[in-house]
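The values are calculated or read from the model by the stated rules, or taken from the named source; none is laboratory data. Since the structure is predicted, the reported quantities are computational estimates derived from the model, not experimental observations. With ideal geometry, Cβ positions are generated from the backbone for all residues, glycine too; neighbour counts draw on all protein chains shown.
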Amino acid sequence: MSFVAHLINGISLGSVYALIALGYTMVYGIAKMLNFAHGDVIMIGGYVVFVTASSLGINPLAAIIVSMAACTLLGVTIERVAYRPLRGASPLAVLITAIGVSYLLQNVALLVFGSDTKAFSNVVTLPNLELFGGQLIIKSVTIVTVIVSIIIMVGLTLFVKKTKIGRAMTAVSEDQGAAQLMGINVNGTIAVTFAIGSSLAAVAGVLLCSAYPSLTPYTGSMPGIKAFVAAVFGGIGSIPGAFIGGILLGVIENLSKAYISSQLADAIVFSILIIVLLVKPTGLLGKKVLEKV
Amino acid sequence: MNKFSEEKTVLLETKNLGISFGGLRAVNAFDISVEKGQLYGLIGPNGAGKTTIFNLLTGVYTPDEGAILLDGVNLTGKKTIDICKAGIARTFQNIRLFSDMPVLDNVKVGLHNHYPYSTLEGILRLPRYHKVEQEMNARAMELLEVFGLEGYADYKAENLPYGQQRKLEIARAMATNPKLLLLDEPAAGMNPNETKELMETIRFVRDRFEMTVLLIEHDMKLVAGICEKLTVLNFGEVLAQGETQEVLNDPDVITAYLGE
């Protein structure tokens with residue numbers, strides 16, 4: 001029975017990784033850059049909910065919406081100010097800038113909120129689910145996390161496949177030049193991608209802080225890196241890949257913690273990444289890039 | 001009668017167009033005047049600057065000097081997206097379809113600017129989203145039918161046979177509703193049968209859409225077969241310009257192509 005509980009908790013943690021990984025993978029797929037500041041957007045999202053819900057006493061659901069709006073704005077601003085001027089610059093310059101933005105966000109949060117851990121109050125106030133006469137208790141936040149992630153995943157897939165702006169995103173990801181010549185606004189499309197990725201990061205931040213209720217300026221960095229691993233694991237650039245990668249990572253991490261060693265859990269997670277990349281360098285669902293000679 | 005039957009309206013005009021890359025003068029003093037409904041050929045040896053001219057016309061490069069006029073509107077220095085909206089569409093020498101997308105969606109990308117609904121309406125799937133998407137599907141299918149591609153609508157673009165991919169590129173370009181269609185070596189890599197079919201397609205596009213076509217080509221059979229006027233480019237400069245047969249019999253042109 002405890003195995004099932006660990007598994008479900010793993011899926012829940014994995015769902016959060018998946019939500020974050022979607023942001024990495026979409027931005028990578030479309031702008032061909034790694035937005036290492038993505039994890040810190042989660043942290044900002046968490047603080048926005050903390051301030052609005054815990055301190056100002058606004059309804060948690062409304063606080064989540066405020067947080068999504070704030071993160072969307074933040075993501076678009078980061079793209080506009082830090083990344084857009086570097087379009088066409090070497091990928092290394094963009095990468096360094098992203099790391100810089102990440103540190104900037106962490107330190108601004110440090111300055112504004114201080115380094116002490118804030119107790120984040122769970123926004124999911126539903127009763128826990130008890131099964132088999134109390135032998136298996138599943139926290140409501142766990143269930144909500146999984147359900148929300150699945151809804152977002154399906155919605156996002158439909159959005160990308162079935163709408164105009166989604167098609168524009170796919171077109172830009174395949175060939176920016178050709179898309180531009182067909183009348184697609186490339187900068188606008190990339191901005192929308194950042195907006196969507198960042199609003200998902202806000203949701204992920206709230207769910208993460210609800211499940212693990214402590215908030216510091218560094219809250220986003222480890223989940224951010226793990227979500228990046230999940231995105232690579234699933235095949236970076238692929239939306240279903242990010243989801244599968246996230247879930248697998250969460251399950252592996254949780255089971256390792258439960259049955260092997262909680263200290264070694266992260267080491268195991270990253271070793272598995274290395275093995276996957278050795279066997280399948282493009283990730284689970286990644287596409288091989290065929291170069292015609 | 002109608003506007004189209006008015007003789008000799010100039011659609012595209014360039015004046016003294018020039019661009020350098022470092023010390024290389026890629027295009028110099030390039031003048032061209034393409035009339036509405038004309039099939040116009042741009043030929044020249046490799047490296048003569050033909051594709052550079054296409055890139056200048058579509059705003060990929062900004063000219064160092066000179067002017068580009070489309071239908072009397074000055075497009076010099078405009079952004080690619082604005083030039084696309086003004087009515088210039090192109091295909092590519094090495095096919096650049098969105099190969100992972102369905103054939104239908106490739107055409108729908110071309111329709112992007114002509115069928116408005118907001119991102120929010122798309123996310124929430126409001127009634128206008130469904131209505132506009134249906135209109136787009138209908139229009140895209142219509143275009144695919146014109147090019148005989150309707151049977152491939154759900155295929156991934158990369159799975160089409162080569163010749164059909166070329167046609168799809170033209171269909172996608174036509175979806176942007178251009179006034180001027182630029183074709184960059186449409187017959188590259190085609191066998192004689194495919195080239196023949198392509199010639200018919202190009203002529204058909206001109207007649208059906210009253211389209212003006214400017215094309216770059218190396219296949220002299222195709223050029224002689226469909227182009228009404230030609231400009232020959234050599235080392236970035238105009239070597240000869242005029243009626244197709246005259247130009248092709250010009251001794252200078254023959255020398256440039258075949259050597260002394």
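A few comments on the model shown:
- Of the residues screened, B:Lys131 is not one that is among the basic types (Lys, Arg), part of a helix (DSSP H, G or I) and within 12 Å of chain A (Cβ to nearest Cβ).
- A single member of A:Gly46, A:Gly39, A:Gly14, A:Gly23 is part of a helix (DSSP H, G or I), crowded, with 24+ Cβ neighbours inside 10 Å, touching a strand residue (DSSP E or B) at 6+ places or on another chain (Cβ under 8 Å) and not hydroxyl-bearing (Ser, Thr, Tyr), and it is A:Gly46.
- Filter result for the condition that a residue is within 14 Å of chain B (Cβ to nearest Cβ) and not in a helix (DSSP H, G or I), over A:Ile165, A:Ile152, A:Ile184: A:Ile184
- Count of the range B:151-164 residues, restricted to those that are under 23 Å from the mean Cα position of the chain (by Cα), outside any loop (DSSP other than H, G, I, E, B) and more than 14 Å from every other protein chain (Cβ to nearest Cβ), is 3.
- Here B:Lys36, B:Lys15 are screened, and the one residue that is over 16 Å from the mean Cα position of the chain (by Cα), among the basic types (Lys, Arg) and modelled with pLDDT of 90 or more is B:Lys15.
- Hey, A:Val203 without any contact (Cβ under 8 Å) to a residue 60 or more places away in the chain and assigned to a helix (DSSP H, G or I) or not: no
- Residue ID - farthest from A:Gly246 (Cα to Cα), chosen from residues in the range A:49-60 that are polar (S, T, N, Q) and part of a helix (DSSP H, G or I): A:Ser55
- Exactly one residue out of B:Gly148, B:Gly122 is surrounded by 13 or more Cβ atoms within 10 Å (Cβ to Cβ), of a type outside the set (Lys, Arg) and more than 11 Å from chain A (Cβ to nearest Cβ), and it is B:Gly148.
- Some residue of the range B:28-36 being out of contact with any Leu (no Cβ under 7 Å at 6 or more places or on another chain), among the polar types (S, T, N, Q) and under 17 Å from B:Thr231 (Cβ atoms): yes
- So B:Ile43, is it more than 30 Å from B:Tyr155 (Cβ to Cβ) and either surrounded by 21 or more Cβ atoms within 10 Å (Cβ to Cβ) or among the hydroxyl-bearing types (Ser, Thr, Tyr) (or both): yes
- Tally, over the range B:150-159, of residues that are within 23 Å of B:Asp184 (Cα to Cα) and touching a Leu at 6+ places or on another chain (Cβ under 6 Å): 1
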